[in-house]
Structure formats: structure tokens, C-alpha cells
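Note sheet for the following structure.
No lab work stands behind these numbers, since they all come straight from the coordinates. The structure presented is a predicted model; accordingly, all values stated were derived computationally and were not measured. Methodologically, a virtual Cβ is constructed for each residue, glycine included, from the backbone with ideal geometry; neighbour enumeration extends over all protein chains shown.
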Amino acid sequence: MSDQYPQHPQDPAAQGQPSYGQPTYGQQPYQQPSSQPQGTYRQAPATMSPEDERTWGAISHAGAVVAMICSAGFLGFLASIAVYVIQKDRGPFVRAHAANSINVQISMFIWLVVAAVIYVVLGIVTLGIGFVVFLPVFAVPLVVAGVLHVIGAVKAYNGEWWNPPFTPQLVK
């Protein structure tokens with residue numbers, strides 16, 4: 001280097017050390033490559049084709065049935081929520097069916113809580129006999145939810161809009 005640009009003792013390049021992140025004379029600072037131009041926001045995801053929307057709508061219901069079977073009815077909501085969160089902005093049809101799938105899961109949970117309260121009350125009132133007799137009541141919400149999900153999966157795959165009966169529209 002010439003005397004025109006004196007080096008300072010605190011300068012790492014003057015001591016023979018590489019200077020990371022700091023430009024030296026004639027070099028531009030390093031910038032992280034970006035797939036998006038600077039100053040723009042991330043674009044909304046592209047919409048799906050109608051076939052893809054029908055498939056994902058069916059997956060939201062069928063995935064809930066599979067998860068319910070594999071977890072004895074406890075984790076059916078995971079598939080519904082996963083499809084809703086990932087695909088909700090890709091099309092109105094898949095959003096509606098994923099929301100319906102979540103609504104079926106919510107209503108099933110409400111029915112299970114009500115069944116548990118009735119089960120405990122009747123079990124105590126009947127001095128324990130109700131605990132044995134009313135145990136199958138817990139299967140009813142699981143079966144109803146499974147049937148609603150199968151109907152929803154078939155309707156979604158056929159491209160039909162559908163709101164399941166006996167379910168409040170909490171998620172839209």
C-alpha cells in the first residue's frame with residue numbers, strides 16, 4: 001500500500017489478518033444474497049388449481065380420521081390444523097374444508113367434555129354402576145366425528161361445498 005493511504009495499527013488488514021465484513025479500499029461490502037429484491041414484501045402464495053384444492057380439502061378430513069385412529073381420538077385435530085395453517089391462503093375451497101375439519105374436532109371435544117361430566121355424575125349417583133354401564137358413551141362422539149370426516153373427505157374430493165351438521169362454525 002502506498003503512503004497516500006496510511007494503515008492504522010487497529011486495522012486488521014495492517015496486521016496481516018483478514019478483515020471480515022469490513023470493506024477495504026476498492027471493494028464493496030459483502031451483502032447476503034437474496035431471492036427477493038430489496039424493498040419488497042413477500043408475495044402471497046399462488047392459488048391452487050381446483051384439483052389441488054379438492055385434494056387438500058380431502059386430506060384435511062382424511063388426515064383427521066387417520067390421526068384419530070392412531071391416537072385413540074386424541075390427536076385428530078393436528079392434521080386439520082396443519083392443513084389449515086399451511087394451505088388456508090391458497091384457495092377458498094381448501095380453507096373452507098380445513099376450517100370445517102377443525103370445527104368437527106372442536107365439537108367432538110365439547111361432546112367428550114359433556115359426556116365426561118355426565119359420566120362422573122351418573123357414576124356417583126348410581127354408586128359406581130354408572131361407571132361401567134355408561135362407558136360406551138365415550139365412543140359416540142368419536143364415531144360421529146369419524147363419520148363426519150369421511151363424509152367431508154368424499155365431498156371435498158368430489159368438489160362439493162359442505163358444512164357438517166351438529167358443528168358450530170367457530171373457525172371460518
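Working from label points 7 Å from Cα in the Cα-to-Cβ sense, the Val113 to Ile69 distance is 2.9 nm.
Straightening the chain between Trp161 and Ala139 buys 5.1 nm, computed as 0.36 nm per residue apart minus the Cα-Cα spacing. Highest mean packing first, where packing is the average number of other Cβ atoms within 10 Å per residue, the peptides 111-117, 95-101 line up as 95-101, 111-117.
Treating region 120-172 as a set of equal point scatterers at the Cα positions, no solvent, please give the Debye-formula log₁₀ I(q)/I(0) at q = 0.15, 0.18, 0.30, 0.32 Å⁻¹. Log10 of I(q)/I(0), two decimals: -0.60, -0.70, -1.10, -1.15.
Counting only Cα atoms, region 71-172 measures 54, 23, 22 Å along its principal axes, largest extent leading.
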